[in-house]
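Each remark here refers to the structure printed beneath this line.
Since every read-out is calculated from the coordinates, none of them should be taken as a lab result. Treat the numbers as computed from the prediction; the structure is a model and nothing was measured. All Cβ positions, glycine included, derive from the backbone under ideal geometry; neighbour counts span all protein chains shown.
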Amino acid sequence: MQRSALIRGTVRQNLALAAPEADDATLQRALDHAALWQAVAPRGGLDLMLGDRGAGLSGGEARRLAVARVLLRKPLILLLDEPTEGLDGPTADRVLAGIRAALPEAAIVVAAHRPRERAWADRVLALASAQTGTPEIYTARAGF
C-alpha cells in the first residue's frame with residue numbers, strides 16, 4: 001500500500017476502477033471504511049478532482065483512497081503493505097476497523113512494523129532475523 005496507483009480525475013473515477021457499477025452510497029461507504037470520507041466531503045466529496053498520481057491528497061489520504069478502492073472489490077484474500085503508515089493513531093484505528101468491517105470473512109495478510117497493526121491481527125508471525133534465525137508466532141486474539 002505504500003505506493004498507490006491513482007489517476008487524474010475525480011475521487012469517484014478513481015473508485016470506479018474497482019467497481020464501475022457502484023452507486024454513490026456504496027462509494028461513500030467504502031470511503032467511510034477507509035476513514036477518508038470526512039476528509040474529502042468538504043472538498044467536493046466524490047467529485048473532488050485529483051491531479052496525476054492523486055495530487056491534491058496527502059500521502060495518507062492517497063493510501064486510504066487505494067484502501068477504499070480495494071474494499072469495493074470485496075476480495076477473499078487481501079495483502080496490505082503497511083496500510084496505516086503515516087497515519088495518526090486514531091485514524092489508523094479507524095482504517096483497521098473499517099477494513100475488518102468491510103471484509104469480515106476475508107483473509108487479510110498485512111506486512112507491518114507498527115505495534116498497532118500487530119495488535120489488530122488475529123495472528124502475528126515474526127519473520128526470522130539475521131541475528132537469531134528463529135521465527136516466533138504470537139497470538140493476539142483468543143481462539144486462533
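Observations on the structure shown:
- Fewest-first sequence of 99, 7 by Cβ atoms within 10 Å of each Cβ: 7, 99
- On Cα atoms only, tilt of 24-33 relative to the major axis of the chain in degrees: 30
- Here the extension length gained between residue 5 and residue 77 equals 24.0 nm, from 0.36 nm per residue of separation less the Cα-Cα distance.
- Förster radius 22 Å - calculated FRET efficiency between residue 26 and residue 101 (Cβ-Cβ, nearest 0.05): 0.95
- Neighbour-limited loop hits for GluC sites (Glu not before Pro), region 1-107 (at most 14 other Cβ within 10 Å; DSSP other than H, G, I, E, B): 21, 105
- Sequence-separation-based contact order of the chain, relative, with Cα cut under 8 Å and 6+ spacing, percent: 24
- Here the convex hull built on the C-alpha positions of the chain has a volume of 116 cubic angstrom per residue.
- Degrees, to the nearest 10: 89-102 long Cα axis against longest axis of the chain: 80
- Angle of helix 59-73 to the longest C-alpha principal axis of the chain, folded into 0 to 90 degrees and rounded to 10: 90°.
- Here the extension length gained between residue 85 and residue 47 equals 11.1 nm, from 0.36 nm per residue of separation less the Cα-Cα distance.
- Local electrostatic count at residue 43 - Lys and Arg +1, Asp and Glu -1, tallied over other residues with Cβ under 15 Å: 0
- Between the amide H of residue 110 and those of 80, distances stay under 5 Å, these residues lying 5 or more places away or on another chain, with hydrogens modeled in the peptide plane.
- Magnitude of the charge dipole for the chain, about its Cα centre and with charges confined to Cβ atoms of Lys, Arg (+1) and Asp, Glu (-1), is about 60 debye.
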